[in-house]
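Structure first, then comments.
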Amino acid sequence: MAVKITSPHEILQPMDCAEGVFSAMVEGVGPGADYWYVIDGKKERPDPVSRFQPNGVHAPSRVVDPDAFKWSDRDWRGIALEDYVIYEFHIGTFTAAGTFASAAAKLAYLRDTGITAIEIMPVAQFPGARNWGYDGVYPYAVQSTYGGPEELKRLVDAAHRIGLAVIMDCVYNHLGPEGNYLPDFMPCFSHRYKSPWGEALNYDGPYSYGMRRYVIENALYWLSEYHIDAIRLDAVHSILDFGAKHLLAEMSERFHDEAARLGRKAFLIAESDLDDVRVIEPVSAGGWGMDAQWNDAFHHAVHTAFTGDHHGYFEDYEGLHDLRKAIREGYVYDWRFSKFRKRFHGSSSKNRPGRQFVVFSQNHDQVANALAGKRPITLTSRGLEKVSAALLICAPNLPMLFMGQEYGAETIFTYFTDFQDRDLAKAVSEGRKKEYEGFLDEGFIDPQLQEAFESSKLDWRDLEQPEHHEMLKFHRDLIALRKAHRCLSNCRKDLTTMEFDDKQRWIRLERRDENGECAIIVCNLGDKAINIPIGEDVSARLVLHGGPDGAQSPVAQIARDRRNVTLAGAGVAIYLSSS
């Protein structure tokens, strides 16, 4: 191997090899220099751990000084996991400009909404100028069209300055299909296992220690060099490792050791469809050591209960019955037979604390894939969206909103790409069209078209409309309630109960705390007025109501001799009582 400097002047420097590691010292080269690696005197390749690819995935890498940025967050130590109220967004579509700098300008708005942690969808360098995030091929390089490394650091620094934690979405289950030159450097694919994206990455085969080091050190890189507070690990069920120590267990040990050394609270949050409690059990107990995971069960149960939709994997969920289980336990599938999978699936999570489950009624995946880009509010009603929000914010878990959800955004969010390889671009377009043929296919947009990207951008002018402003206020009031009352923020599943009537379409959720405080959340899922029982010996005051426009507010005070509350149409009322 050799390293070839291409600017500011050309240098070709052979590299020495010791114990399988190639290295070279090149004098007179600093930040801003561009370079290739040259393999066997023939192949010119970007650096697989490049910090910056200013001209794309097929161009030379650029030298970046990791210590040049002047941080102002010296006193930042992070926030407790149970205090996370998460907001997921995509840099390219969150604002009109689609940059780190323009996202930073929205941080005060998010703080004022009650958000405590922002989750940034993947920013690893991808081919072209636009991508929904999951086709990155340089895990260490920050996407150039978003602003590059320094602008991302400015965003993180600004977030910490106003008290917001930052979660980075990282993809360790596959690499994108264009611009992935890693196989030229090491055996990164297993050749034994398949994933939804092709060959699985090599985490347990011959010479797998290189690939393991590559991704574990990437997690440490975001923690130390970019001051990230948590990492969201994409689709860990496709990280296939059957060795004695799973990749994620080793990552957990290294990550938490480094966080302790830095004196910071930092967490690993997995996306997993395994419903396997080992994912969130400590490494010391034989688990993988993830601090939390996304809980799809909550989303799927809400979706089926509110829409009656049972296509695809939604056929496994039985609406309100499974919603109660998702809230009270976490996983719905605990070695229960799955019709969709055609096998028994899952393990019980009822003994794991509520703070280990991130719940949501929207996220990038469910909107872009399950709903073909449509937002749930366009399929139900504003009243049901408020019910969904109340259940989400009041569940004994960590709530997450998807960008624009807080004001009732109706803009689509779809899968979009900008592959430069013409054959790949054609295959992606045709494959996506075939996937959605006959299913929610009205308005299908070719992911390679600029329109797919532009249509997915939030339209912040919506907030000038009264109905969107009112929805934002409702979400802000909900989050403020959660923060103000321990019964809503204690993440205690064992102090949570839920009753429902599937026929009459009502829910009563109760959240309690050891201090004697109790919140009663009553929900009407129908379009007609119904009486919802609230139990005996209850005295409580109304603190928040959300329903269809113009609906009469429910009773403001529940006397002990009252047995029910009337809600006119789809909506929710939240009462508080104390012993």
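Compute the length gained on full extension between residue 6 and residue 72: take 0.36 nm times their separation in residues and subtract their Cα-Cα distance, giving the result in nm to one decimal.
20.3 nm
Probe of 1.4 angstrom, ligands and nucleic acids ignored: what's the accessible area per residue over the chain, in square angstrom?
41
Report the paramagnetic label zone for residue 207: residues of the range 240-256 whose backbone N is under 16 Å from a point 7 Å from Cα along the Cα-to-Cβ axis.
The answer is none.
Using a probe of 1.4 angstrom, how much of the accessible area of the chain is carbon and sulfur, in percent?
It is 49 percent, rounded to a whole number.
Which aspartates and glutamates, on any chain, are close to residue 374 with Cα under 12 Å apart, when same-chain ones fewer than 8 places away are left out?
365, 410, 441, 442
Quick check: the distance between the Cα centres of the range 179-206 and the range 40-109, to the nearest angstrom?
25
R0 = 30 Å: FRET efficiency of residue 556 with residue 112, Cβ-based, nearest 0.05?
After rounding, the FRET efficiency stands at 0.65.
Taking 0.36 nm per residue of sequence separation and subtracting the Cα-Cα distance, how much length would be gained by fully extending the chain between residue 539 and residue 242, in nm to one decimal?
101.4 nm
Whole-Hz Karplus ³J(HN,Hα) for the range 505-510, in order, using 6.51 cos²θ - 1.76 cosθ + 1.60 and θ = phi - 60°, x for Gly and Pro?
6, 10, 9, 10, 10, 10
In a shell of Cβ-Cβ distance under 13 Å around residue 447, excluding residue 447 itself, what net charge do Lys and Arg (+1) and Asp and Glu (-1) give?
-2
Write out the GluC sites (Glu not before Pro) in the range 417-510 meeting two conditions: DSSP loop, and at most 12 other Cβ atoms within 10 Å of their Cβ.
In loop regions of the range 417-510 (DSSP not H, G, I, E or B), the sparsely surrounded GluC sites (Glu not before Pro) are 437, 442.
What length, rounded to one decimal in nm, is gained on full extension from residue 225 through to residue 469, with 0.36 nm per residue of separation minus their alpha-carbon distance?
84.0 nm
Take each of the peptides 67-79, 473-485, 322-334, 187-199, average the number of other beta-carbon atoms within 10 Å over its residues, and list them starting from the highest.
For the peptides 67-79, 473-485, 322-334, 187-199, the packing ranking is 322-334, 473-485, 187-199, 67-79.
Exactly which trypsin sites (Lys or Arg not before Pro) in the range 1-48 are in a DSSP loop and have at most 16 other Cβ atoms within 10 Å?
Of the trypsin sites (Lys or Arg not before Pro), the ones in loops of the range 1-48 whose Cβ has at most 16 other Cβ atoms within 10 Å are 42.
Could you list the residues of the range 131-161 with an amide nitrogen less than 16 Å from a label point located 7 Å from the Cα of residue 217 in the Cα-to-C-beta direction?
Taking a point 7 Å out along Cα→Cβ of residue 217, the residues of the range 131-161 whose backbone N falls under 16 Å are 138-141.
Among bridges DSSP assigns within the chain, what percent are antiparallel (round to 5)?
Looking only at bridges with both residues in the chain, the antiparallel portion is about 70 percent.
Around residue 568, with a cut-off of 11 angstrom between Cβ atoms, what is the net charge of the other residues, counting Lys and Arg +1 and Asp and Glu -1?
0
Go ahead and run the numbers for FRET between residue 449 and residue 59, Cβ-Cβ distance against an R0 of 22 Å, rounding to 0.05.
Plugging the Cβ-Cβ distance into 1/(1 + (r/R0)^6) gives 0.35.
Report ³J(HN,Hα) in whole Hz for each residue of the range 118-134, in order, from the Karplus equation J = 6.51 cos²θ - 1.76 cosθ + 1.60 where θ = phi - 60°; Gly and Pro get x.
9, 10, 9, 4, x, 10, 4, 3, 10, x, x, 9, 9, 6, 6, x, 9
Using only Cα atoms, locate the centre of the range 226-248 and the centre of the range 376-393, then give the distance between them in Å, rounded to an integer.
Using only Cα atoms, the two centres lie 32 Å from each other.
What FRET efficiency comes out for the pair residue 150/residue 311, r = Cβ-Cβ distance, R0 = 51 Å, nearest 0.05?
0.70
With a ≥ b ≥ c taken as the square roots of the eigenvalues of the C-alpha gyration tensor of the range 464-579, please select rounded if a/c is under 1.5 and otherwise prolate if a/b is larger than b/c or oblate if it is not?
oblate
Find out how many positive minus negative residues lie around residue 310, taking Lys and Arg as positive, Asp and Glu as negative, among other residues whose Cβ is under 11 Å from that of residue 310.
Computed value for this residue: -3.
Shape call for the chain from the C-alpha gyration tensor, a ≥ b ≥ c root eigenvalues: rounded (a/c under 1.5), prolate (a/b greater than b/c) or oblate?
prolate
Shape verdict for the range 233-275, please, from the Cα gyration tensor: rounded (a/c under 1.5), prolate (a/b greater than b/c) or oblate.
Since a/c reaches 1.5 but b/c is at least a/b, the shape of the range 233-275 is classed as oblate.
Rounded to the nearest 500 deg cm²/dmol, what is the calculated helix-only ellipticity per residue at 222 nm for the chain, with -39500 (n - 2.57) per DSSP H run of length n ≥ 4?
So the calculated ellipticity at 222 nm is -7500 deg cm²/dmol.
The values are calculated or read from the model by the stated rules, or taken from the named source; none is laboratory data. Small disclaimer: the values here were computed from a predicted structure and weren't measured. Here Cβ is always computed from backbone atoms with ideal geometry, including for glycine, and neighbour counts include all displayed protein chains. Just so you know, the surface numbers come from the protein's heavy atoms only, side chains and all, with ligands and any DNA or RNA stripped out. Shrake-Rupley method; radii C 1.70, N 1.55, O 1.52, S 1.80 Å.
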